[in-house]
1. Do you know which residues across segment 12-38 are in contact with a helix residue (DSSP H, G or I) (Cβ under 8 Å, 6 or more places away or on another chain), assigned to a helix (DSSP H, G or I) and without any contact (Cβ under 8 Å) to a residue 60 or more places away in the chain?
2. Out of the residues in segment 7-20 meeting the condition of being surrounded by fewer than 20 Cβ atoms within 10 Å (Cβ to Cβ) and either polar (S, T, N, Q) or in contact with a Lys or Arg (Cβ under 9 Å, 6 or more places away or on another chain) (or both), tell me which one is modelled with the lowest pLDDT.
3. Being surrounded by fewer than 17 Cβ atoms within 10 Å (Cβ to Cβ), hydroxyl-bearing (Ser, Thr, Tyr), at pLDDT 95 or above and farther than 20 Å from ILE258 by Cβ is the requirement here; does SER170 meet it?
4. Among the residues in segment 50-70, are any buried (at least 20 other Cβ atoms within 10 Å of the Cβ), more than 25 Å from PRO214 (Cβ to Cβ) and among the aromatic types (Phe, Trp, Tyr)?
5. Whether any residue in segment 287-295 is assigned by TED's automatic domain parsing to the domain that holds VAL75, at pLDDT 95 or above, among the β-branched types (Val, Ile, Thr) and assigned to a loop (DSSP other than H, G, I, E, B) is what I want to check.
6. Taking the options LEU135, LEU120, LEU109, name whichever one is closer than 27 Å to THR271 by Cα and at pLDDT 95 or above.
7. Could you list all residues from segment 108-133 that are surrounded by 18 or more Cβ atoms within 10 Å (Cβ to Cβ) and assigned to a loop (DSSP other than H, G, I, E, B)?
8. So MET219 clears everything in (1) in the same structural domain as LYS152 (by TED's automatic domain parsing); (2) at negative phi except one condition, right? Which one?
Amino acid sequence: MTEMRAGGKVAWIFPGQGSQYRGMLRLVEGSEDQVRLDEASEILGYPVRKLLGEDPDNRLDQTEWTQPALLLVSVLMAERKMREGFSRPDYFLGHSLGEYSALVMAGSLSFGEALHAVHLRGKAMQGAVPEGAGLMAAVLGLDREALQEVLKEMPPPGPGEFAGMANINSPGQIVIAGSRSRVQAAIEAIKAAGARKVIPLAVSVPSHTPLMEPAAKEMRRVLEEIAWKRPVSPVVSNATATASSDPEDLKEKLLRQIVSPVLWEDSVRETLRLGVDRFIEMGPGSVLSGLGRRISDSVRWESTDATGKAGEKG
């Protein structure tokens with residue numbers, strides 16, 4: 001199968017946590033994928049076919065295993081599309097963890113380096129706060145200005161407390177994160193402000209907040225050891241919603257992403273401004289395609305996962 005490009009620009013988008021599901025192995029069971037699966041098992045010290053298959057040890061929803069599993073599946077699916085004749089896109093972008101997948105396919109990071117890095121990233125994020133001390137919640141039906149005002153008007157936080165926007169996903173869908181008590185108080189204030197629904201997520205890691213500073217410090221050491229290369233096409237970074245082809249700049253933005261909000265809606269809008277009219281989701285599920293249609297229904301959104309699986313993006 002050869003890709004047909006009829007004008008306009010193309011972006012490949014890569015999912016993050018929330019898109020994983022048990023049985024993803026069937027997406028990457030081709031003969032060409034076996035070398036990568038073996039390589040991943042060696043790097044991680046665990047049989048990835050088991051992780052991506054029935055997951056008998058229940059590791060897939062543990063952050064340190066979710067992250068490499070998603071990167072592995074996303075990269076293998078993108079590599080398959082290239083073997084089928086797809087051209088490299090004009091832009092790459094990924095949601096949170098997915099930014100690593102984007103950087104691999106853009107040629108800035110090697111597969112092995114990225115897989116090792118995200119495994120350590122998951123561990124560092126999980127260890128940045130005590131178990132159960134953090135909380136994330138999806139806010140539906142309240143725009144970011146109104147949400148920001150609610151958070152601003154809350155009583156001053158106590159020592160070590162924080163609640164703020166973590167993922168700005170699409171119009172009407174924003175995820176907040178922070179310390180458990182502060183987020184719980186924010187949930188009540190947000191409901192009182194008229195949000196349609198606020199859904200606490202089954203995630204104890206307050207990703208993309210200042211509480212992740214210990215993880216950012218650990219990841220700086222990891223990313224400094226990698227031989228970064230210039231991408232074949234620009235990568236749009238979550239932290240700033242700007243496109244770049246400078247390796248040092250991309251590395252700094254990847255570190256900044258750990259402690260600052262994922263500006264997904266802004267990143268998509270920037271890519272639209274740059275002339276992209278076709279987005280192809282490279283990875284399991286179709287979460288990003290769904291979010292994308294809420295941002296713009298005048299461009300093409302495609303998913304490479306034909307199973308119809310989809311999850312919540314947190």
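1. Once the filter is applied, which keeps residues that are in contact with a helix residue (DSSP H, G or I) (Cβ under 8 Å, 6 or more places away or on another chain), assigned to a helix (DSSP H, G or I) and without any contact (Cβ under 8 Å) to a residue 60 or more places away in the chain, segment 12-38 yields LEU25, VAL28, GLU32, ASP33, LEU37.
2. Going residue by residue through segment 7-20, those that are surrounded by fewer than 20 Cβ atoms within 10 Å (Cβ to Cβ) are 7-9.
Among the residues that remain, those that are also either polar (S, T, N, Q) or in contact with a Lys or Arg (Cβ under 9 Å, 6 or more places away or on another chain) (or both) are: 8-9.
Values: GLY8: 87, LYS9: 97.
Within segment 7-20, the match that is modelled with the lowest pLDDT is GLY8.
3. Working: surrounded by fewer than 17 Cβ atoms within 10 Å (Cβ to Cβ): no; hydroxyl-bearing (Ser, Thr, Tyr): yes; at pLDDT 95 or above: yes; farther than 20 Å from ILE258 by Cβ: yes.
Spelling it out, it is not the case that SER170 is surrounded by fewer than 17 Cβ atoms within 10 Å (Cβ to Cβ), hydroxyl-bearing (Ser, Thr, Tyr), at pLDDT 95 or above and farther than 20 Å from ILE258 by Cβ.
4. The answer is no; no qualifying residue exists.
5. No, there is no match, as no residue in segment 287-295 is assigned by TED's automatic domain parsing to the domain that holds VAL75, at pLDDT 95 or above, among the β-branched types (Val, Ile, Thr) and assigned to a loop (DSSP other than H, G, I, E, B).
6. Values: LEU135 fails: closer than 27 Å to THR271 by Cα; LEU120 fails: closer than 27 Å to THR271 by Cα.
It is LEU109.
7. SER108, LEU109, ALA128, VAL129
8. Single failed check for MET219: (1).
The values are calculated or read from the model by the stated rules, or taken from the named source; none is laboratory data. Not measured: the values here are computed from a predicted model. Backbone-built Cβ (ideal geometry, glycine too); neighbour counts: all protein chains shown.
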